[in-house]
Amino acid sequence: MKQTLAYFRWPFVFTALGLVLAYWLGYHTTGTISGAMSFFLIGCILAVLEISLSFDNAIVNANILKTMDPKWQHRFLTWGILIAVFGMRIVFPLAIVVLAAKIGPISAIVLAATEPLEYGRIMDDAHIGISAFGGTFLMMVSLTYFIDQSKEVDWIKSVECRLRSLASIRGLEIAVVLFAALMLASALPLGKSATFLFAAVCGLVTFLAVELVAHFLDSEKEVKSAAAKGGFGAFLYLEVLDASFSFDGVIGAFALTQNLFLIAIGLGIGAFYVRSMTIMLVERNTLSEFRYLEHGAFYSVLALSIIMYAQSLLHIPELFTGLIGAALISLSLYSSIRHNNAEQNT
């Protein structure tokens, strides 16, 4: 137990500092104790929301990190947390407002500080494009995992064996994603349909571009050193993947508050826990110990991508999204434990 808690020492410290800062922000904004407590509670909820939505992110990250060179592992777990907290939780929401409202970055910060309701409205108006981009990228991630001839372990055999047998069809996952995007776009009004399709194609192109860069850079490293594995290309892939996982959390946070700085605090707390969970999974080799855990994570990624697509048509509570991911991962963990017990008894 002590060894497990040691992984979360810094997240605990950041949680304490973050919640104190949330309380101060609430008091500074509202001038009342009740307002300060409201900010404090929303900060807690946002942190829990981010952790529940991102546990599958930690598992997928660990699955890739375990094959990376230790130098690049360290860089992802240090530089990566800065990009995750400051890039996705602060710069990303500001960039959306800059592009949507056609204003400068300084004006966007002023808008976030002085007119949070208007800031939140602009973010909400941009949710179709964000859902299309993030949903497409995550759908490609999950389908690429399952439609793979080299995949050896199956959890839900009736589904996964069939998908693996279809891996010989070149570009099948791309066709599936494009078909899903076209079907959903056809159900949207004309203006929103064009936005959705453009963002979906951008998400697909980004996935393919990152895959190409990762393959090129890491193959170059393999030529130079047989020991080199998973360098800058894998780092880049992980950063884009981490950003895609963050989309729903950032957008969902605006359902609770329009205060950008409170969102950054709450989601930043959650990001530190995701980082620590990733380190623990890699160092303790948890994915090897529980053979179906990564399967549950990728099913959760697929479910999240479908939910992000569906959010273009209707509102889906973030609690539901988090519960779906938690349920799939819990089931895969249970199946892994049953498999381990069965092997020990034979």
Centroid-to-centroid separation of region 258-328 and region 149-209 [C-alpha atoms, Å]: 20 Å
Sorted by Cβ neighbour density within 10 Å, fewest at the top, the residues Met308, Met37: Met37, Met308
Per-residue Cβ neighbour rank within 10 angstrom, fewest leading, Ile122, Ile64: Ile64, Ile122
Residues Thr114 and Ala209, FRET efficiency given R0 of 41 Å [Cβ-Cβ distance, rounded to 0.05]: 0.60
Förster-model FRET efficiency, 45 Å R0, Leu331 and Val20, C-beta, rounded to 0.05: 0.75
Highest to lowest packing among 296-302, 323-329, scored as the average C-beta count within 10 Å: 296-302, 323-329
Sequence ranges 10-22, 162-174, ranked by mean other-Cβ count within 10 angstrom, highest first: 10-22, 162-174
Stretch gain in nm, segment Lys66-Gln344, where the contour uses 0.36 nm per residue and the Cα spacing is subtracted: 97.5 nm
Scaled radius of gyration (Cα, divided by 2.2 N^0.38 Å) that region 272-346 gives: 1.32
Neighbour-count order for Cys202, Cys161, fewest beta carbons within 10 angstrom listed first: Cys161, Cys202
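Only the coordinates and a few stated rules stand behind these numbers; no lab work does. Remember, it's a predicted structure, so these values are computed and weren't measured experimentally. Methodologically, a virtual Cβ is constructed for each residue, glycine included, from the backbone with ideal geometry; neighbour enumeration extends over all protein chains shown.
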